[in-house]
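The values are calculated or read from the model by the stated rules, or taken from the named source; none is laboratory data. The shown structure was predicted, so the numbers you read here are calculated from the model rather than taken from an experiment. All Cβ positions, glycine included, derive from the backbone under ideal geometry; neighbour counts span all protein chains shown. Side chains included, ligands, DNA and RNA excluded: accessible areas come from the protein's heavy atoms. Shrake-Rupley method; radii C 1.70, N 1.55, O 1.52, S 1.80 Å.
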Amino acid sequence: MKKNILITGSTDGIGKLAAIKLAKEGHTIYLHGRNAEKLDKVIAEVKKLSNNENVKGFIADLSDLDAVKKMSEQVNSEVAKLDVLINNAGVFKSPNIQTKAGFDLRFAVNYFAPYLMTKRLLPLLKKGTAPRIINLSSAAQAPVSFEALAGKAQIPMQASYAQSKLAITMWSFYMAKREPEVSIIAVNPGSLLDTNMVREAYGKSWSTADKGGNILYDLAVSEEYEGVTGKYFDNDKGEKKGIFGDAHQLAYDETVIEKMIAETDLILNKW
Ligand SMILES: NC(=O)c1ccc[n+]([C@@H]2O[C@H](COP(=O)([O-])OP(=O)(O)OC[C@H]3O[C@@H](n4cnc5c(N)ncnc54)[C@H](OP(=O)(O)O)[C@@H]3O)[C@@H](O)[C@H]2O)c1
């Protein structure tokens, strides 16, 4: 069955690779980017490589939560139903630390943006067939400082990256319990995959970017994962490909999760 699939941060890296693979199978792909020129180029490239004209795009700088809201409204008005949402866009190293609203860039892009967008796109997903949400986590996960989350304390970018990734994992598990109609999985796509993010941060890689693109593809459409929800997929483990495994222990602590969601809602109530 052909699906409607939205992938954030699909102008590069593993999101783009997953988009190409999914488009080749004839699914309708909604790409997302922050730069109009790059997005148009990637739309044309994905169409050409896949021989599939059902490739469209949305623009939003996810560090700007007003733009996240606007893009969610556009998706809601232009797309009839969504079967898969891959919250893939992410940032690690960056010249600027804070967003214009005063949040750490990593918390904003890696956690607040998918949180807000998903909330707004849930009705569209519920119109989909066996809908799935794939949230990009990481092997790097660390306890969330609520001060840093709210933009009231500055922490090193490695710390806020790891905290944003535990935050998205905790929220994935929280949402999976409350939204039984939708399958929600948090995934570590593999560590040090050969993408811009990793090259800019470490100048070296351990694995190909394809390893990450392939697992996003699988989690998005493979029958094997239909109906699987509230789990953490670890692509650093397993043999041929990853396996479901354990996220950070706090991702299973209901009290801490409830507190983090309450803090998040307080911070984001303006949007
Ligand atoms: N690579 C790894 O080893 C690894 C390991 C664990 C988790 N991950 C996660 O996997 C996801 C994809 O990462 P990647 O390795 O493929 O990185 P990448 O090649 O740097 O791609 C990141 C994508 O996110 C987009 N993006 C970044 N900041 C944005 C913003 N403010 N607004 C809108 N879009 C933005 C980028 O847009 P541009 O094209 O405009 O740059 C790009 O399309 C991330 O969530 C990352 O944390 C990666």
The farthest towards the positive end of the charge dipole of the chain, of the residues A36, Q163, V84, given +1 on Cβ of Lys and Arg and -1 on Cβ of Asp and Glu, is A36
Per-residue ellipticity at 222 nm attributable to helices in the chain (runs of n ≥ 4 DSSP H, -39500 (n - 2.57) apiece, nearest 500 deg cm²/dmol) works out to -13500 deg cm²/dmol
Long-range alpha-carbon pairs in region 1-154, meaning those over 20 Å apart, account in percent for 48
Sorted on mean Cβ neighbours within 10 Å (highest first), peptides 128-136, 72-80, 106-114, 42-50 come out as 106-114, 128-136, 42-50, 72-80
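How high is the relative contact order of the chain, in percent, with contacts defined as C-alpha pairs under 8 Å that are six or more residues apart?
Numbers: 545 pairs, mean separation 48.6, N = 271.
Across the chain, relative contact order equals 18 percent.
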At the level of C-alpha centres, the distance separating region 26-75 and region 190-249, in angstrom, is 22
For 209-221, 81-93, ranked highest to lowest by mean beta-carbon neighbours within 10 Å, the order is 81-93, 209-221
Net charge near I184 (other residues with Cβ under 11 Å of its Cβ; Lys, Arg +1; Asp, Glu -1) is +2
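May I ask you to give the percent of accessible area on region 152-271 that is carbon plus sulfur, with a probe radius of 1.4 Å?
Working: 2980 of 6020 Å².
C and S fraction of accessible area: 49 percent.
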Given a 1.4 Å probe, the accessible area of the chain per residue, as a whole number of Å², is 44
Working note, the chain: Cα radius of gyration (Å, one decimal) and Dmax (Å, whole number) are 17.0, 49
Residue span L49 to D210: 0.36 nm per residue of separation minus Cα-Cα distance leaves a gain in nm of 56.4 nm
Ranked by GNM mean-square fluctuation in the chain (Cα springs under 10 Å), the top entry among E258, E223, E239 is E239
Cα pairs beyond 13 Å in region 142-198, in percent, come to 68
Result row for the chain, helices from DSSP H with C-alpha axial extent 18 Å or more and mean Kyte hydropathy at least 1.6, is none
Using a 1.4 Å probe on heavy atoms of the protein chains only, the accessible area for T255 in Å², nearest 10, reads 110
